[in-house]
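Take a look at the structure set out below.
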Amino acid sequence: MRNTTVTGSAYGLKPPTYNARLTEVGRGTPMGELLRRYWHPVGLSSDAGATPRSVKILGEELILFRDGERRPGLVYPRCCHRGTTLYYGKVEERGIRCCYHGWLFDVEGRCLEMPAEPEPNGPQCGRVRQPWYPAQDRYGLVFAYLGPPEKMPVLPRFECLEVMGPGEFVEADDSSIGTGGIQIAPCNWLQHFENVVDPYHVPILHGAFSGPQFVEQMAAFPKVKFEYGPIGVKATSLRPGPNGRKFRRITEAVLPTLRVVPNPQVAQYGMVESIGWTVPIDDTHYRIYVAGRVRERGALAKFKSRYNGKTWAELTPEEHQKFPGDTEAQVGQGPITFHSEEHLMSSDQGVAMLRQMFQRQLEALAAGKDPVGVAFDEKEAYVKFDAGQYLED
């Protein structure tokens, strides 16, 4: 007799798939080309120094350094002479010198010297160029542009990092703020970036499930309104506030990768304090760089969550399972989550809107248009956000 009572068996699952257009970031991929039309942080300003540093972004291995004139340089690692890595190069006043035959390159890849040639500074230097990318310092970070040179936009300025209150200054951090605890997360960047416009996970993952990680009012289920902005998706959450007032919190996921999230510890009310860049290292790894207004050194690190009274790194394997955070939830989706197995509901409206916005930008790029949020004039490259948290009567 046949057993007809077993329904929903995993045996019937189809081979899973993911949306490669939205997740893969290599050169030539749809999302990879879209992301290359923007500036991205590749390190702290202090990372660019007299010792060459290996960095990886959008699937590309690169070398970061700073010459004697304090200019940041970002170059392809293989020397254009015989291919050895510039990781072992020597940084000098005018640039970086290859360890193999001493060719010297400036921060824009120009060859300045070929010591083994009859004319070390002769015309042959002008016949080669080390591949390089433009790099600029801002907000304590080094930003790079990896896209087509003729489409390079102005590096933007952000009001929340430009308008200072009494005693405030901008500090940068790369230690893990926003990831949930891990510095380099072994999963796709979009799995984290979508989380920015998913306020419903906060009272569950960061409240009832793992214990309160933020202030008391963050534990309440919010009433949420999702909206499109000119360069991203905005989630406005209303919760009960102290003394019978309403607590209004606005977060934004801004293209290409900006997580504009007010401090969930609610250290202050008003305009958002910091910006985080969700930087894709490759298809299955990302990291976050943060710049924010502070009044004391090291203040950004206080934004980090604690689990059962401990930092993420202090937890035992058993505690990670008992007190999961964003790292566990997002890495737990796999290296690249299987979108074919999802069942999005009304609470996932922000996630769906963000994916749709990316899809529209991919279509615009394919049609030869510039994506949203890029500016080619300094005046147009000043960006204001709605994000912040406020008390209302």
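We did not get these values from a lab; they are worked out from the coordinates using the rules stated. The model shown is predicted, which means the values in this text are computed figures rather than measured ones. Ideal geometry is used to build each Cβ from the backbone, glycine not excepted, and the neighbour counts take in all protein chains shown.
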Here are some pairs, Lys14/Lys225; Lys90/Lys379; Lys234/Lys302; which of them have Cα atoms lying more than 27 Å apart in this structure? Lys14/Lys225; Lys90/Lys379
Distance between the C-alpha centers of region 187-251 and region 127-145? Whole Å please. 36 Å
Taking the alpha-carbon distance from Lys369 and a cut-off under 19 Å, which lysines remain once sequence neighbours fewer than 8 residues away in the same chain are dropped? Lys151
Integer Hz, Karplus 6.51/-1.76/1.60 couplings in order for region 350-362, x for Gly and Pro: x, 4, 4, 5, 5, 4, 5, 5, 4, 4, 5, 6, 5
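What do you get for GluC sites (Glu not before Pro) in region 290-393 restricted to DSSP loop and a cutoff of at most 15 other Cβ within 10 Å of the site's Cβ? Spell out each step's value before the answer.
Working: sites: Glu296, Glu314, Glu318, Glu319, Glu328, Glu341, Glu342, Glu363, Glu378, Glu380, Glu392; in loops: Glu296, Glu342.
Qualifying residues, ordered by number: Glu296, Glu342.
Taking neighbour Cβ counts within 10 Å as the exposure measure, how do His192, His206 sort from fewest upward? Can you show the working numbers first?
Working: His192 26, His206 23.
Ordered by Cβ neighbours within 10 Å, fewest first: His206, His192.
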Counting only residues 5 or more places away or on other chains, whose amide H sits under 5 Å from the amide H of Glu113 once H atoms are built in the peptide plane? Leu104
Which of the trypsin sites (Lys or Arg not before Pro) found in region 15-99 are in a DSSP loop and have at most 15 neighbouring Cβ atoms, other than their own, within 10 Å? Arg27, Arg70, Arg82
List the lysines whose Cα lies under 19 Å from the Cα of Lys304, skipping any in the same chain that are fewer than 8 positions away. Lys322
Could you give the length gained by full extension between Lys151 and Glu92, i.e. 0.36 nm per residue of separation minus their alpha carbon distance, to one decimal place? 18.2 nm
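What shape does region 157-392 take by its C-alpha gyration tensor, where a ≥ b ≥ c are the square roots of the eigenvalues and a/c under 1.5 counts as rounded, a/b above b/c as prolate, and the rest as oblate?
Values: a/c = 1.34, a/b = 1.10, b/c = 1.22.
Rounded, because the longest to shortest axis ratio a/c is under 1.5.
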Mind giving me the nanometre distance, one decimal, between the label points for Phe221 and Ala208, set 7 Å out from Cα along Cα→Cβ? 0.7 nm
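Calculate the dipole size of region 157-392 relative to its Cα centre from +1 charges on Lys and Arg beta carbons and -1 charges on Asp and Glu beta carbons; express the result in debye to the nearest 20. Mind showing how you got there, number by number?
Details: 24 positive and 30 negative charges, 159 e Å.
Roughly 760 debye, rounded to the nearest 20.
What list do you get for Tyr269, Tyr289, Tyr76 if you sort them by fewest beta carbons within 10 Å? Don't skip to the end; give the middle numbers.
Values: Tyr269 14, Tyr289 26, Tyr76 17.
Fewest to most other Cβ atoms nearby, the residues stand as Tyr269, Tyr76, Tyr289.
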Pair Lys369, Phe169: separation of 7 Å Cα→Cβ label points (nm): 4.3 nm
Förster radius 45 Å - calculated FRET efficiency between Thr84 and Gln265, Cβ distance, rounded to 0.05: 0.40
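Mind checking the full-extension length gain between Leu112 and Ala50? Use 0.36 nm per residue of separation minus the Cα-Cα distance, one decimal, nm.
Values: separation 62, 0.36 × 62 = 22.32 nm, distance 1.81 nm.
Taking Leu112 through Ala50 to full extension adds about 20.5 nm, to one decimal.
Once the piece of chain linking Glu380 and Lys302 is laid out straight, how much longer is it, given 0.36 nm per residue of separation minus the C-alpha distance between them?
Details: separation 78, 0.36 × 78 = 28.08 nm, distance 3.33 nm.
Computed gain between Glu380 and Lys302 is 24.8 nm.
Can you give the Kirkwood hydrodynamic radius for region 39-137, in Å, rounded to one decimal and based on Cα pairs? Numbers along the way, then the final one.
Working: mean 1/r = 0.0751 Å⁻¹.
For region 39-137, inverting the mean 1/r across all distinct Cα pairs yields 13.3 Å.
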